[in-house]
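Remarks on the structure that follows.
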Amino acid sequence: MMHQLDLFGTDPPPPKPAPVATADGKDAPVLAATPGLASPKKRGRKSLKELADDPHVIRDLDKVNLDKQYYPISEVAAMFKVNASLVRYWENEFDILQPKKNRKGDRLFRQEDIHHLKLIYHLLRERKYTIEGAKQKLKEDKKLAARNFEMVQALLKVRGFLTELKDQL
């Protein structure tokens, strides 16, 4: 089938694909790639809005059993659902993160470092602080910021318990 140019020199829209019949005889929806619409598989970095849609990262971390003494950066990045490069960047930006390094130069995070990362993650991703704002907050009163973080986590646990109780009723 030949496409003819219209008066403005543009091609007409491509023909729509025919619906595909399923085994039960009904037409299945056709997913066509149309310009302007996001494809189901997205490549690249997630936006902060997409990350904010998953607020359970810290809550999921509380369920993780921290039984090892040291964790490699890949495991720590997987815990927080971020790239390892972001964890390295946070290490450079925040003085409270001091992972051990072996002779090879690999970073090994202790449980204390993971706790600090939880606090940093909370300030940056959940409370939406800037890097400079989070640094200032930690510098002003690290204990107060940690206490507030722990209080928020305890309240989230209570909220989860109450919602489960409500669902059971």
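Read-outs throughout are calculated quantities, based only on the coordinates presented, and are distinct from any laboratory measurement. Predicted model only: the values in this text are computed from it and were never measured. Backbone-built Cβ (ideal geometry, glycine too); neighbour counts: all protein chains shown.
Between K157 and K104, how high is the FRET efficiency from 1/(1 + (r/R0)^6) when r is the Cβ-Cβ distance and R₀ = 30 Å? Nearest 0.05.
Details: r = 39 Å, r/R0 = 1.30.
Taking R0 as 30 Å, the efficiency between K157 and K104 is 0.15.
Using 22 Å as the Cα-Cα cut-off, could you pick out the over-long pairs in K68/K118; K104/K137; K101/K143?
Long pairs (Cα-Cα over 22 Å): K104/K137; K101/K143.
Name the trypsin sites (Lys or Arg not before Pro) in region 133-169 that are in a loop by DSSP and that have at most 14 other C-beta atoms within 10 Å, would you?
For trypsin sites (Lys or Arg not before Pro) across region 133-169 that sit outside H, G, I, E and B with at most 14 neighbouring Cβ atoms in 10 Å, the list is empty.
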